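Read the structure below first, then the notes.
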Amino acid sequence: MENLIALLVAAPLLGAAVLLCGGRRLDAVGHWLGTALAAASFVIGVVLFADMAGKDAEHREIGQHLFSWIPVEGFQADVAFQLDQLSMTFVLLITGVGSLIHVYSIGYMEHDERRRRFFGYLNLFLAAMLLLVLADNYLLLYVGWEGVGLASYLLIGFWQHKPSAATAAKKAFLVNRVGDMGLSIAIMLMFTTFGTFAFGPVLESTGETSEGMLTAIGLMLLLAACGKSAQVPLQSWLGDAMEGPTPVSALIHAATMVTAGVYLIVRSGEIFNAAPDAQLAVTVVGAVTLLFGAIVGCAKDDIKKALAGSTMSQIGYMILAAGLGPIGYVFAIMHLVTHGFFKAGLFLGAGSVMHGMNDEVDMRKYGGLRKYMPVTFVTFGLGYLAIIGFPGLSGFFSKDKIIEAAFAKGGTEGWILGGVALLGAAITAFYMTRVMLMTFFGEERWQPAPDPDKAPSVEPGIEVHPGEMPHPHESPKVMTIPMIVLAVGSVFGGAFFSIGDRFIHWLEPVTDHAHGHPPISALAVTMSTVAVMVIGVGLAWLQYGRRPVPVVAPRGSLLTRAARRDLLQDDFNHVVLVRGGEHLTRSLVYVDHTLVDGVVNGTAATMGGLSGRLRRIQNGYARSYAVSMFGGAAILIAATLLMRAV
Amino acid sequence: MTQFAAAATLSAGTSTGEAFQFWVLGTIAVLGALGTVFMKKTVHSALSLAGTMIILAVFYLANGAYFLGVVQIIVYTGAIMMLFLFVVMLVGVTAADSLKETIKGQRWLALLCGLGFGILLVAGIGNAALTEFDGLAQANAGGNVEGLAALIFTDYVFAFELTGALLITAAVGAMVLTHRERTERAKTQRELAEQRVREGKHLPPLPAPGVYARHNAVDIAGLLPDGTPSELTVNKTLRDRGQIRDVSAQALNDLKALERRAEDRLERTNSGSNGKNGEASK
Amino acid sequence: MNPVNYLYLAALLFTIGATGVLIRRNAIVVFMCVELMLNACNLALVAFSRMHGNLDGQIIAFFTMVVAAAEVVVGLAIIVSLFRSRHSASVDDASLMKL
């Protein structure tokens, strides 16, 4: 069984290699090959899961040592895999959702002439992501971490002919790099502290290490998680990452890659448990991001960017839960999985809507689509109900548990975190209802297709005739079936996990679990969650359901305008980082030009001028030199005499 | 000479005779040195130096350095100075003999440095307490040459050997420097002529100096067709010495004299014409 | 008379020789002035020998003479070859070190 682990990674890696190196002759079958290998990986994952489920909880962890990567005295880096319940959860999520999105992409990317390459990148992503969650040490995890970053970069910039996509890809890559720096520093700190970076030895010896060092490692890991999971302050790339094809947004920027930060924190749980300050920082980051993303999500008219804000916010929930320690780890992962289902479903639904609406992304130009796209409407609606936490659907279970755990943190912190989480739930209900109402309800506000010359952001390969009115239509089966599957997951996932605390028992051996004791009863928490959800939905209905939605966005309040600009995140980065960097470099250049170059050039000029003058002494006549020698001798004698006289 | 030497040997001080000798010969030596520096012609410089060296030899003897005095005369004055004269003969007179200074400020700087240096040396000697003279009576007791020999072959034997090596090296070096081995075939006359044609230089032989009925000398420059003297016709050495006689005006002068004589003969002189005028006035 | 006068004479001759080196252009004369300086030194050495009552000064003067002889041989050879190649005995013409 152990030997199958490597195959999990190898299958999509093989797909990537074949598809990317195979050339045009694979164009015809490339998408099927990519999908088949993703599915193969999923099948292997299921086989491994069945095997694992058959063992007792204590013996479920298996590992596979492939080869010694860097066998140096005192520095042992192995390519070795570790498959435990946590990794298993991720493997199933990644390969399952990944395979569904591969299938969906067959339809979505049908008209794109670079579809083979797209599937190659998707397979590369799957391989890297699986490597990330299967690695048994931080260094190999880092390889996967960088691999998903690369795949993300390639896929965001897939339509590289669009300057906005190319820029977004670069932005994502650069911001991620900040986080990656945190991870690499954390690994270096681990190596200096523990002498190794394998999960086992590092996490077992946290008790013998100083809290300061653990806090440092924890903060660096948090920085890494912020970069990959788009958490404040490294959140700015996620919104722009929506420039990529919608399946990419669904797979990488909603369901899997962006949750790698959560995985990292949960996996490193022992470090955070021993470093309360770092843990607190994690919760703060999560709480801030969950509000940040939710507020941004409320203001965006671009359906994908609204969903991106939502993703940020939901990952904020997970990070918050992961920061709560053993009372939250399981719920973080549980929310991660359910979110993977419903958010992927929502994105696929959004892609389906765009597919039918000439790639229009502005929700103000949608409206009344439920009649034209029934399957999309139903699946999107189920995903919507799941994310707002409608009782009985998956989001309800996982989010409710997180809010409960936040209150259970205890003390003032608990009240604040719980309050924030509740507020976030209300805002989530508001913005998701807004998306729902603006897209599928109300009157039809469709606009003729824009002139591609004026608005070059139209996705290629799809025939759009300028001035043509959109003809919304249901997407082909190859796209709707994955949406249906994901919708089923969104509906029943939460209940399946929660009934009988199945998920808790499943993960407990790995992540450890403690039952929190919230200051108010669990029932009260649940009631208030449902209550704020209803309030959020009501408010959204008041604004967008009862009144017609204007096609041109109203000016809006100060907060709305700020939120439309992503709460000024780019302006902040521009002012603080770009300007600051520019000023720094400019002053450094100035210092270099004036001071350093001045000293150097001044020395050179002084020497040059001096030599120019001294050169005249060198007339080449031996007699002139003899005079100076003679004069020198006279001076020497004079000096000697003076010395003697003194 | 032996008397002076005996005086030096016997006492640490100096006799009146030695003092007299010092002042007279010392003055001549200084004059000789100045002559060496300031004589315009190299030969004169060399002779002045030879004189100074002979006087120095006398002073060596007076100071009890008999061996050195003899060596000074034989080796220095006899051999080295003759070598100098040979070289002077080889090199001949050149423009470098001119005492005119060509480097700006060199002469004044040199004189200033020399003066300062001299004053400092004199001051240094005067400053040093050099009153006691032991005399060489004891050192020269076994004979000056024997004493030197004893030292050279004991204490200074290594230096002595080294000077031997130095002399051999110098001899070889002089040979290497002056010996010219022909590394290529000598050019034939035809080749030389062709080379001259190629280079466009003066093709025919150099013109002969001016030859006149009354003046037939190599120091007279021949005249070009326009009447200007051509320096090419005079030997280079004479040119360097500035011993060219210019006879460019001679022909005109001769012509004038001829005309005058002719007029004299024909009695058509100024006085004649005056006479005519006189006759007319008469 | 104090024998120290020999030293003053040596100093005077040395200075005249040095000045001659500096102001004459003819390499042969320059060389002769160098010889004059060497001789002045020899005179001083001989006077020192008498002053100290031992023969070491004379030995040094003797070595000086030997070295001077070697130097003259080489120096004159250099002058002759210089003259051959440049047709000049002026030390100023050998100013190739000038830029």
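With a 10 Å cut-off around each Cβ of B:53-64, the average count of Cβ atoms from other chains is 5. Farthest toward the dipole's positive end in the protein assembly as shown, which of B:Asn127, A:His102, C:Ala89, given Cβ charges of +1 (Lys, Arg) and -1 (Asp, Glu) about the Cα centre? Of the candidates, C:Ala89 comes out farthest on the positive side.
Can you give the FRET efficiency for A:His505 and A:Ile481, using 1/(1 + (r/R0)^6), R0 = 30 Å, r = Cβ-Cβ distance, to the nearest 0.05?
Plugging the Cβ-Cβ distance into 1/(1 + (r/R0)^6) gives 0.40.
When the inverse distances between all different Cα atoms of the stretch A:152-240 are averaged and flipped, the Kirkwood radius reads 14.3 angstrom. About its Cα centre, the dipole of the protein assembly as shown is roughly 4160 debye, where the only charges are +1 on Lys and Arg Cβ and -1 on Asp and Glu Cβ.
When a 1.4 Å probe is rolled over the protein heavy atoms, the share of accessible surface on the stretch C:4-86 that falls to carbon and sulfur comes to 75 percent. Give me D for the stretch B:12-111 in µm² s⁻¹, whole number, from Stokes-Einstein with Rh from the Kirkwood sum over alpha-carbon pairs, 10 °C and 1.306 mPa s. Approximately 104 µm²/s, per Stokes-Einstein. Here, P(r) means the percent of Cα pairs in each 10 Å bin from 0 to the largest distance; for the stretch A:244-380 it is 13, 38, 28, 15, 5, 0.
Peptide B:39-51 is shielded by partner chain Cβ atoms: per residue, an average of 3 of them sit within 10 Å of its Cβ. Solvent-accessible area of the stretch A:1-74 (1.4 angstrom probe, protein heavy atoms only): carbon and sulfur portion equals 66 percent. When only alpha carbons of the protein assembly as shown are considered, Rg and Dmax amount to 55.8, 177 Å. Legend: distances between Cα atoms for B:Lys40/B:Lys104; B:Lys41/B:Lys236; A:Lys55/A:Lys399; pairs beyond 22 Å are A:Lys55/A:Lys399. Using the Cβ-Cβ distance between A:Leu636 and B:Ala159 with R0 set to 35 Å, the FRET efficiency from 1/(1 + (r/R0)^6) comes to roughly 0.85.
Interface area, chains C and B: about 7200 Å² of buried accessible surface, summed, with a 1.4 Å probe and ligands, DNA and RNA left out. For a quick check: with amide H placed at 1.01 Å from N, whose amide H comes under 5 Å from B:Ala221's, ignoring anything fewer than 5 positions away on the same chain? The answer is B:Gly210, B:Arg245, B:Val247.
Let me make sure I get this right: for the stretch C:4-86, a, b and c are the square roots of the gyration tensor eigenvalues over alpha carbons, sorted descending. Under 1.5 in a/c it's rounded, otherwise prolate if a/b > b/c, else oblate. Which is it?
The shape class here is oblate.
Summary of packing: across the peptides B:158-168, A:601-611, A:338-348, the per-residue average of other C-beta atoms within 10 Å ranks them, highest first, as A:338-348, B:158-168, A:601-611. Taking square-rooted eigenvalues a ≥ b ≥ c of the alpha carbon gyration tensor, is the stretch A:362-451 rounded, prolate or oblate, where a/c under 1.5 means rounded and, failing that, a/b exceeding b/c means prolate? Since a/c reaches 1.5 and a/b is larger than b/c, the shape of the stretch A:362-451 is classed as prolate. Across A:Tyr329, A:Tyr384, the residue with the most accessible area heads the list, and the full order at a 1.4 Å probe is A:Tyr384, A:Tyr329.
If the segment from B:Thr169 to B:Arg239 were pulled out straight at 0.36 nm per residue, it would be longer than the present Cα-Cα gap by 21.3 nm. Taking a ≥ b ≥ c as the square roots of the eigenvalues of the alpha carbon gyration tensor, the stretch A:10-104 is oblate, as a/c is not under 1.5 and a/b does not beat b/c. Given R0 = 56 Å, the distance between the Cβ atoms of B:Ile125 and B:Leu252 translates into a calculated FRET efficiency of 0.25. Listed peptides A:389-397, A:623-631, A:523-531 appear in the order A:389-397, A:623-631, A:523-531 once ranked by packing, highest mean of other Cβ atoms within 10 Å at the front.
Each stretch of four or more DSSP H residues adds -39500 (n - 2.57); spread over every residue of chain A, this sum gives -22500 deg cm²/dmol at 222 nm.
Residues in the stretch C:4-86 average 25 Å² of solvent-accessible surface per residue, probe 1.4 Å, ligands and nucleic acids excluded. Across peptide B:77-90, the average count of Cβ atoms from other chains found within 10 Å of a residue's Cβ is 4.
Each peptide in A:9-21, A:479-491, A:495-507 was scored by the mean count of other Cβ atoms within 10 Å over its residues; highest first, the order is A:479-491, A:9-21, A:495-507.
Placing A:His473, A:His517, A:His111 in order of accessible area, with the largest value first and a 1.4 Å probe, yields A:His517, A:His111, A:His473.
The values are calculated or read from the model by the stated rules, or taken from the named source; none is laboratory data. Here the structure is a predicted model, which is why all the values come from computation and not from measurement. Neighbour counts run over all protein chains shown; Cβ positions are idealised from the backbone, glycine included. For accessibility, only protein heavy atoms count, side chains too; no ligands or nucleic acids. Shrake-Rupley method; radii C 1.70, N 1.55, O 1.52, S 1.80 Å.
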